[in-house]
1. Run down 414, 373, 386, 448 and say which single residue is more than 31 Å from the chain's Cα centre (by Cα) and either over 30 Å from residue 65 (Cβ atoms) or not in a loop (DSSP other than H, G, I, E, B) (or both).
2. Just one of the numbered conditions (1) closer than 23 Å to residue 274 by Cβ; (2) in contact with a strand residue (DSSP E or B) (Cβ under 6 Å, 6 or more places away or on another chain) is not true of residue 89; which one?
3. Go through region 325-343 and count every residue that is over 11 Å from residue 357 (Cβ atoms) and crowded, with 17+ Cβ neighbours inside 10 Å.
4. Give region 22-66 a look and list any residue that's in contact (Cβ under 8 Å) with a residue 24 or more places away in the chain, surrounded by fewer than 19 Cβ atoms within 10 Å (Cβ to Cβ) and in a loop (DSSP other than H, G, I, E, B), or say none.
5. Report the residue count in region 145-169 for those that are more than 29 Å from residue 339 (Cβ to Cβ) and assigned to a loop (DSSP other than H, G, I, E, B).
6. Would you mind finding the one in 305, 295 that is closer than 18 Å to residue 334 by Cα, surrounded by fewer than 16 Cβ atoms within 10 Å (Cβ to Cβ) and not assigned by TED's automatic domain parsing to the domain that holds residue 156?
7. Only residues that are without any contact (Cβ under 8 Å) to a residue 60 or more places away in the chain, over 16 Å from residue 385 (Cα atoms) and surrounded by 14 or more Cβ atoms within 10 Å (Cβ to Cβ): list them for region 436-456, please.
8. Of all the residues that make up region 280-292, how many are surrounded by fewer than 20 Cβ atoms within 10 Å (Cβ to Cβ) and under 15 Å from residue 17 (Cβ atoms)?
């Protein structure tokens, strides 16, 4: 069985800790592990192959966290396959592209990378049952026993393992009605309502056959996109932008599951959460005797039942209750508990104003390392750059800024124009506007440098890449 891990999503509901270029599945929320790492670790015990569908921008984050997972000796994810989407087109195309990449008889377990599952014993039992049904030719979904009337999930109406209908995200009255009907059930032959988890199991050929039957335009466009994909021998499969854009955008539920007549559901109680809001996150984090989430940087006085997530600063609360306080280096969120679903509206307002805050933290991850913006003022920007051993920046130039590089630690090999030289700690170099340049770390320790940009425009899109090890545009 192959685990198809879906890595898309922008994580706007957990802003500001989650951003487009650092979505929630990669944020280390649980014992210094990310949801992505926990998902791979959990499913590697049940599957003998991994196919990770990722946004191009998030590919290197996934690689870094995969490397961390393998080096931690918690588990070993051997030779995962990556399929990279230049833009997202929802789950139906993502799963279709992944299935085209596999043998048609392959049984696949499709899992989002940003879900928390606490009862692995019950999860293993559910997956084994789903696999049995998939091998018999069914499309299988996982239905979660509802714990409360949630309005943020779709529901599955089922009798045993037979799916009667799929329900849209309900209003509160309807959701309460679903749970009341569950409680009044007297026999197993009566309908019950389950949360739709967004996890699936089926043979690759079964899904593709049903997709071709019920959503032929998605099937044909996905097939063409896969056939035209750039398939590196030892690297990821890359879907071309124009082919991805031509695929209709649709979820697997709308495209296939709600239309197919061969759908089964495995009801399960696996300690599942999609962590779709800060309220959901609060429920899953350890707390002190006053109901505040544990945080070494939180000083509390007469404060109860608060979610407090801090960065490098002390957060002090006095006589407050039921708040969500999320403090990052460049943004502070304060909300009442029970209202955190509205965070998405804040993100939309920031986007409307042209802010970069929804997209990136002050520290941004790149395939060669990281950079942290220390100061950003009209006319100049100062960064701290860390380049990993054996990595190098793209060969590039800028039209609107000059740069000064000062090495703090490590030894950098710097090419400016036709000259290449070593820059050691406390040494520097100057790159004039328009000059071609590159930095390489040929050593065994990270190179750390301070970059001062000076110019009328210092945006990240003022980069012309002439050569790049990571196939970025």
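The values are calculated or read from the model by the stated rules, or taken from the named source; none is laboratory data. This is a predicted model, so every value here is computed, not measured. Every residue, glycine as well, gets a Cβ built from its backbone with ideal geometry; the counts of neighbours run over all protein chains shown.
1. Sole residue among the options that is more than 31 Å from the chain's Cα centre (by Cα) and either over 30 Å from residue 65 (Cβ atoms) or not in a loop (DSSP other than H, G, I, E, B) (or both): 414.
2. Here residue 89 clears every test but (2).
3. 6
4. Passing the criteria: 45, 46, 48.
5. Residues in region 145-169 being more than 29 Å from residue 339 (Cβ to Cβ) and assigned to a loop (DSSP other than H, G, I, E, B): 2 in total.
6. Of the residues listed, the single one that is closer than 18 Å to residue 334 by Cα, surrounded by fewer than 16 Cβ atoms within 10 Å (Cβ to Cβ) and not assigned by TED's automatic domain parsing to the domain that holds residue 156 is 305.
7. Residue satisfying the conditions is 436 alone.
8. So the answer is 3.
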